[in-house]
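Everything on this sheet refers to the single structure shown next.
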Amino acid sequence: MTSDIIHMQAIRKVYDTGKIKVEALKGIDLAVKPGEFVAIVGPSGSGKSTLMNLIGCLDTPTDGRYQLGGEDVSTLDRDALADVRNRRVGFVFQGFNLLPQISAFENVEMPLVFGGVGLRERKQRVTELLDRVGLGDRMEHKPTELSGGQMQRVAIARALAMRPDVILADEPTGNLDTSAGGDIMQLFADLWAQGKTLVVITHDMTLARRASRVVEVRDGRIIRDVASAEVA
Amino acid sequence: MSDILRQLIRDVRSQKLRTFLTVFGIVWGTVAVTLLLAFGRGLHKQMIKNSAGLGDRIAIAWPALTSIPFEGLGRGRRIRVREEHIEAVRRQTPGIVAISSEYNETLKLHYGMKTVAVDVSGVDSSFGAMRNLIPEAGGRFINPIDVRENRRALFLGDKIAKDIFGKSPAVGKTVIFGGSPFLIVGVLQEKVQNSSYNSRDEGRAYMPGTTFRALTGAKYVNNFIYQPVSPSESESVTAAVRATLARALRFDPKDKEALSVWDTAEQFKFLDVFFLSFRLFLGIVGCFTLIVGGIGVSNIMNVVVEERTKEIGIKMALGARQRWIMRQFLFETILITALGGAIGFAISFAICFAVPKLGATEFVGDPEISLSVAALTALVLGATGLLAGYFPAREASRLDPVVAMKL
Ligand SMILES: Nc1ncnc2c1ncn2[C@@H]1O[C@H](COP(=O)(O)OP(=O)(O)OP(=O)(O)O)[C@@H](O)[C@H]1O
Ligand SMILES: [Mg+2]
């Protein structure tokens, strides 16, 4: 048994597009402990997003062992995986992935609906979360009526809604300007300070330096895994 | 449950155009099919009604010339039927509900300053019911007492009554008819009649056969009508009538020309067959309409699922189970179908309600919606939409969330 939240061993991912097979991950060993703030860096096409999707159970590995919160997820069926996504991880995407037709409130409420949380509790939690990301006054706005930074904060609130073991973010600042990106990064730093576990993909080394640990991926392999203080 | 409902209302609201298109498809299909069959049904009923204007599944028989030599008697002999023969048929033929002889003449009718020539029939009291001669309120047809006592009672067609009396009531008035005073006992209620063997009932007058014979000295019936217990037995009854008369009047019972019979029940049988095929035709047209409508609905549902694959991916990424996603789609389809079906029926009912007011009832009848057809239509369209929405949605919800989100 291990106390790790994320525990990956020899994870491989091969994309089979019919004509060609792309081995996006060539054997990843990764362990993340509670309370860590891990930044994943690396050049484009190195396999960061692929890795993140596997961590978040949005995709299934070709090979290897993966335990999330002590549970072996490679053996779970679809419904059980849906529950894992719902309860254990909170995902923040580069492209926000909010549902455009519904309000910020309803977007944040969505995972709570899937998780079977009661109406009153949902209302209370959503209000609290949107307040926390500074959008208490934008709850009824549709995503299209919000700025990019605001949209990403709605997405973060949504990721936090089910009080997951770990927050996963794939280039959360990639679609934002420097100042909005800085705000989002600050929000992550605050969450970390509150004891959350975070795994964030970023291109920006100044942002990576705010993490406790930096993992560098290149060509489907982890080539460096160091405490952020050691990053030059 | 309430979550699904809220979700549903949200989705329907946010997808106005496609919701509208789907609903429209179902409305169109429902209206087309139900109206088609409703008009078919109405027309059928109207045709029956129109034909029944002649009589209630009666047979009409005319004595004529023999065409086959019989017991030493040559062909071309005139068959003369007298009242006693009609009596014999009445007594000896099982399966006859009623029989009435009919004597015809044209007589002058005087009333005040007016004189008109009127075609008149001398008939039995049972004639009125057989021929659907329904009196207007306040009047009656010739009754058995009139017949027994040779009363000078007259029943007028509505058209002559109007020609002579205008708007004032005719019943109770006395007219001079064929030189004798006659009491008008009833006036025909206006009726639809698109076939006849003499002139139309609206322009005729009727008096008791006994009175007629006394007045004109007529000995031989012009024709007689009878009603078999059921249309299906009309053939055997007609054969029995022929046999009885053949015995009494000495002609070959196989001689069809000696007594020519118009069996209107035959016509009803034909109508039934005709309308069965007509309805079959309408049914097939309706089916094709349904298929086309169904294709439209399923296309839209397909597009919907495609359009919403990303949404499905996002929901799965947030932890929605496949069942939840499928349920949402099914509920949506059911709602849209129910809505479309309801609107369609409302339109069809409104049209069926409005059409009789246009005054074309005599020709096209009043359309009549069959609830079973309506329900079936909605069911078929709903099922189509459901299937069309179900399979793509299931496929989408089987993808890995990442794949669905990227599509
Ligand atoms: N669905 C897919 N089908 C086939 N190949 C894929 C698929 N997704 C990713 N790949 C390939 O896998 C490799 C890793 O891609 P990935 O998206 O993980 O890179 P990344 O590190 O996130 O890049 P970026 O920084 O540009 O986002 C790439 O070579 C990419 O072409
Ligand atoms: Mg990426």
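Rule-based calculations on the coordinates, nothing more; no lab input. Quick caveat, the model's predicted, so the values are computed rather than measured. Every residue, glycine among them, receives a Cβ derived from its backbone with ideal geometry; neighbour counts consider all protein chains shown.
Assigning unit charges at the beta carbon (Lys, Arg +1; Asp, Glu -1) and nothing else, what dipole magnitude in debye, to the nearest 20, does the protein assembly as shown show about its Cα centre? Intermediate results must be reported in sequence, preceding the final value.
Values: 78 positive and 67 negative charges, 360 e Å.
Magnitude of the dipole: close to 1720 debye.
Ignoring aspartates and glutamates fewer than eight residues from A:Lys33 along the same chain, the ones with Cα atoms less than 15 angstrom from its Cα are A:Asp4, A:Glu71, A:Asp165, A:Asp225.
Building the convex hull from the alpha-carbon atoms of the range B:101-223 and averaging its projection over directions returns 6.9 nm². For the segment B:399-406, counting C-beta atoms of other chains within 10 Å of every residue's C-beta and taking the mean gives 4. Classify the range B:71-116 from the C-alpha gyration tensor, please: rounded if a/c falls under 1.5, else prolate or oblate depending on whether a/b exceeds b/c. Note, shape of the range B:71-116 comes out oblate.
Relative contact order for chain A: what is it in percent, counting Cα pairs under 8 Å that are at least 6 residues apart? Please report the intermediate quantities before stating the final value.
Details: 465 pairs, mean separation 64.1, N = 232.
Here the relative contact order equals 28 percent.
Using the count of nearby Cβ atoms within 10 Å as a rough guide to exposure, how do B:Cys287, A:Cys57, B:Cys352 rank from fewest to most?
Ordered by Cβ neighbours within 10 Å, fewest first: B:Cys287, B:Cys352, A:Cys57.
Exposure proxy for B:Ile347, B:Ile314, A:Ile40: other Cβ atoms within 10 Å of each Cβ, ordered fewest to most, give B:Ile347, B:Ile314, A:Ile40. For the range B:101-223, averaging the sequence separation of C-alpha pairs within contact (under 8 Å, six or more residues apart) and dividing by the residue count gives a relative contact order of 37 percent.
For the range B:101-223, the share of DSSP beta bridges that are antiparallel, to the nearest 5, is 70%. Counting Cα-Cα pairs of the protein assembly as shown in 10 Å increments starting at 0 gives whole-percent bin shares of 3, 12, 16, 13, 9, 7, 7, 7, 7, 8, 7, 4, 1, 0. Would you mind checking the tilt of helix B:2-14 against the longest principal axis of the Cα atoms of chain B, expressed as 0 to 90 degrees and rounded to 10? So the inclination is approximately 80 degrees.
Between A:Arg163 and B:Ala248, the modelled labels are 10.5 nm apart [label points 7 Å from Cα along Cα→Cβ]. Since only B:Ser121, B:Asn104, B:Gly178 are under comparison, the one whose Cα sits farthest along the positive direction of the charge dipole of the range B:101-223, derived from C-beta charges on Lys, Arg, Asp and Glu, is B:Gly178.
In this Cβ point-charge picture (+1 for Lys and Arg, -1 for Asp and Glu), the range B:294-337 has a dipole of about 240 debye about its Cα centre.
Legend: calculated FRET efficiency, B:Arg77 to B:Phe281, from the Cβ-Cβ distance at R0 = 60 Å, rounded to 0.05, equals 0.80.
FRET efficiency for B:Ala64 and B:Ile351, Cβ-Cβ distance as r, R0 = 41 Å, nearest 0.05? Write down the numbers at each step before the final one.
Details: r = 50 Å, r/R0 = 1.21.
Plugging the Cβ-Cβ distance into 1/(1 + (r/R0)^6) gives 0.25.
Spin-label pair B:Leu17-A:Ala80: with each label point 7 Å from Cα along the Cα-Cβ axis, the two points sit 4.4 nm from one another. With chain B treated as a Gaussian network of Cα nodes joined by springs under 10 Å, which of B:Leu249, B:Leu36, B:Leu271 yields the largest mean-square fluctuation? Between B:Leu249, B:Leu36, B:Leu271, it is B:Leu249 that shows the largest mean-square fluctuation. Say we join alpha carbon atoms closer than 10 Å with springs in a Gaussian network model of chain B; which of B:Ile160, B:Ile68, B:Ile26 then has the biggest fluctuation? Largest GNM mean-square fluctuation: B:Ile68. Across peptide A:76-87, the average count of Cβ atoms from other chains found within 10 Å of a residue's Cβ is 4.
Taking the helices alone, chain B has a mean residue ellipticity at 222 nm of -18500 deg cm²/dmol, built from -39,500 (n - 2.57) per DSSP H run of at least 4 residues and averaged over all its residues.
Averaging sequence separations of C-alpha pairs under 8 Å and six or more residues apart, then dividing by the length of chain B, give the relative contact order as a whole percent. Mind showing how you got there, number by number?
Values: 706 pairs, mean separation 120.5, N = 407.
Rounded, it is 30 percent for chain B.
In this structure, B:Asn299 and B:Val403 have a Cβ-Cβ separation that, at R0 = 30 Å, corresponds to a calculated FRET efficiency of about 0.80. Counting 0.36 nm for each residue step from B:Asn150 to B:Thr216 and taking away their Cα separation leaves a gain of 22.5 nm.
Spin-label model, B:Val97/A:Thr144: points 7 Å from Cα along the beta carbon direction are separated by 7.0 nm.
Straight Cα distances below 15 angstrom link B:Lys256 to the aspartates and glutamates B:Glu235, with same-chain residues fewer than 8 positions distant left out.
Pairs A:Lys142/B:Lys406; B:Lys191/B:Lys254; A:Lys26/B:Lys315; B:Lys108/B:Lys269; A:Lys48/B:Lys16; B:Lys108/B:Lys167: which exceed 28 Å Cα-Cα?
Numbers: A:Lys142/B:Lys406 22 Å; B:Lys191/B:Lys254 37 Å; A:Lys26/B:Lys315 30 Å; B:Lys108/B:Lys269 40 Å; A:Lys48/B:Lys16 39 Å; B:Lys108/B:Lys167 22 Å.
Result: B:Lys191/B:Lys254; A:Lys26/B:Lys315; B:Lys108/B:Lys269; A:Lys48/B:Lys16 exceed 28 Å.
Let's see if you can work this out: charge +1 on each Lys and Arg Cβ, -1 on each Asp and Glu Cβ, no other charges. What is the dipole magnitude of chain A about its Cα centre, in debye to the nearest 20?
About 140 debye.
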